[in-house]
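Some notes on the structure that comes next.
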Amino acid sequence: MIHFSVLSQQELASIPPRGWNSYDSFSWTISEQEFMQSAEIISQRLKPFGYEYVVVDYLWYRRKVPGADPTAHGFDVIDEWGRVIPDPVRWPSSKGGVGFTEVANKLHSMGLKLGIHVMRGISWQAYDANTPILDTSTGGPFTAAGKEWHAQDIGIKERSCGWMQQGFMSVDANLEAGRAFLRSLYEQYAQWGVDFIKNDCVFGADLEKDQITFVSDILQSLQRPILYSLSPGTSVTPTMSKDVAGLTNMYRVTADDWDTWGDVAAHFDVARDYAAANMIGAQGLKGKSWPDLDMLPLGWLTDPASNQGPHRPSKLTIEEAKTQITLWAIAKSPLMFGGDVRNLDNATYSLITNPTVLEINSFSSNNAELPTGGATKASVQQSTRYLQKHSLGLTSCNDPNTKGWSIEALGQNHQQICWKENLGTRKPFCVYSRKHLLAPSDEQLVYGQGKLHLSAIDGMNVCLDASPKRKLTSKETRSSFFSPCRKHAHQMWELNGDGALISNYSGLCAVVNKAEGETYIAYFNLNSEQTTVADMVKTVPGGLNLSNNSSCKYREVWSGREGVSNETIPSMTVPGHGCALFVMNCA
């Protein structure tokens, strides 16, 4: 279930970021045409589910010519100040020194956000050319101590990137000239309109704490909000991460994750340790920070460090893919899909847009792994318990439970629309139509078609927004979490004759649910042979204590099985490398 939100000036990365990254499907070879084709599809099919960042991964500045590959030297495009810029052959809109400006503008017009991958420090190519350093305050060469500074004054060639030895090296961030170079990079990215920066080869085994700190300071000083991500996470521990979590918004905690069962299985202990260390959703740069389990290599992919684009399906079985997306959700990792969206199969699409999975990823709390014996593992997490009795959400219009809305006229051209189903003696959940936002000609057209703006409180100039950003409980309808009503598809609704309230933006329907007492329990079978949930429960010391009450309603997400249990999980077969995900509502 994806929930309504009301837009406000929110903190950065208030929930785990969600988007698409080009690496798993294109390696380094993606072109502007392929990138924009992907963005168009994302805007239509994934953006309604919160996938908003579209990230071009590494080497967008490398010329795709004979001899070029991820380890080659001398093929990068740099400007007069030693800064990498997009290859104008692959990225023709970058000609004239405008970088990714046009790409960013196009993405922003679709409601998406642009992300780019950048490496540590300075390129070997700039170092070899000994390019001057730009002073952004003057627009000319950086001078200090009576000299003009160049790349070889700040580059530390003994500290080349461990996995790209001929590509990039550290800069001395303790030097004023080194800081001037870094400032010139990140101010340029902001000028291009970049919203997300993935900074590689600065964390884990290649830790560059000084550079991370200074880059974070630069981003903190910019008026433009830019999400800051670190990569990779080789040899990372929670202790190391605590030194950078407050400087960033997401940081990788594993090495690269590819489409093998071994890679998926390696994430369980890492996810457990970061949950136990209370690192999930900790304070970050201008908002929160999230341990990142890496991209989701599902669908149509390429190979690591390949010169070839997408050409093969993921090697994960459907059960292994379910396990991966479930673990990523319950660990509250950022969800960055890596497959080719131009060739997105229905099974993969269903996994990455599953409403319960996205609900868990965005809004659950108290997430932890339960200790188990043997070779099986269980992970349990409990959602936030809301103070009020119901919350407003979005779900498929095929769900019969959405048909619980009724309308009551409050005056000429003014209505109250209330949810009264399954609330017993509780006060109905109501929203109010409002009709004074649009110009008269637009009003006549839009409202003649039954389209409505819905205000949470009668007479307020704030409107509900169909966005997956956050939950809206009945308590919040009486708070200040609102923004002015706008002429935007996010805020347009239609009530049909069956009592369903439809979002014109997402095509989904509004529903009111109880928002307390809900627990999610995932059982992961790490063995290659099938087992049963009942057998796994026996391995949990002390068993499960879901409720002090007598019974719980349950639904298993992947099978659709529903029923009532007495404070335990019903027996169910779980395939090898598979999982069962239960939603428990205890009376």
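Okay, here's what the table says:
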item	result
Filtered residues of the range 148-175 (kept if closer than 21 Å to ASP79 by Cα, more than 33 Å from the chain's Cα centre (by Cα) and surrounded by fewer than 21 Cβ atoms within 10 Å (Cβ to Cβ))	GLU148, HIS150, GLN152, ASP153, ILE156, LYS157
Matching option when the condition is in the same structural domain as GLY233 (by TED's automatic domain parsing), closer than 30 Å to LEU392 by Cα and over 18 Å from the mean Cα position of the chain (by Cα), among ALA282, ALA276, ALA347	ALA347
Residues of the range 477-527 satisfying the condition of being part of a helix (DSSP H, G or I) and either at pLDDT 70 or above or on the phi > 0 side of the Ramachandran plot (or both)	ALA489, HIS490, GLN491
Residue that is within 25 Å of ASP128 (Cα to Cα), surrounded by 20 or more Cβ atoms within 10 Å (Cβ to Cβ), among the basic types (Lys, Arg) and at pLDDT 95 or above, where the choices are ARG63, ARG83	ARG83
Failed item in (1) buried (at least 19 other Cβ atoms within 10 Å of the Cβ); (2) at pLDDT 90 or above, with SER559 passing the rest	(1)
Residue in the range 241-252 that is closer than 22 Å to TYR53 by Cβ and among the acidic types (Asp, Glu) present	no
When residues of the range 296-315 are limited to those that are within 15 Å of TYR349 (Cα to Cα) and touching a residue at least 40 places away in the same chain (Cβ under 8 Å), the one surrounded by the fewest Cβ atoms within 10 Å (Cβ to Cβ)	TRP300
Filter result for SER547 (at pLDDT below 85 and in a loop (DSSP other than H, G, I, E, B))	yes
Residue under evaluation ASP128, criteria (1) of a type in the set (D, E, K, R); (2) under 30 Å from ALA489 (Cβ atoms); (3) more than 35 Å from the chain's Cα centre (by Cα), criterion not met	(2)
Of the criteria (1) without any contact (Cβ under 8 Å) to a residue 12 or more places away in the chain; (2) assigned to a strand (DSSP E or B); (3) not polar (S, T, N, Q), which one VAL55 fails	(1)
Count of the range 86-100 residues which are crowded, with 17+ Cβ neighbours inside 10 Å and of a type outside the set (Gly, Ala, Ser)	5
Residue within the range 91-105 that is part of a strand (DSSP E or B) and more than 29 Å from PRO48 (Cα to Cα) present	no
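The values are calculated or read from the model by the stated rules, or taken from the named source; none is laboratory data. The structure presented is a predicted model; accordingly, all values stated were derived computationally and were not measured. All Cβ positions, glycine included, derive from the backbone under ideal geometry; neighbour counts span all protein chains shown.
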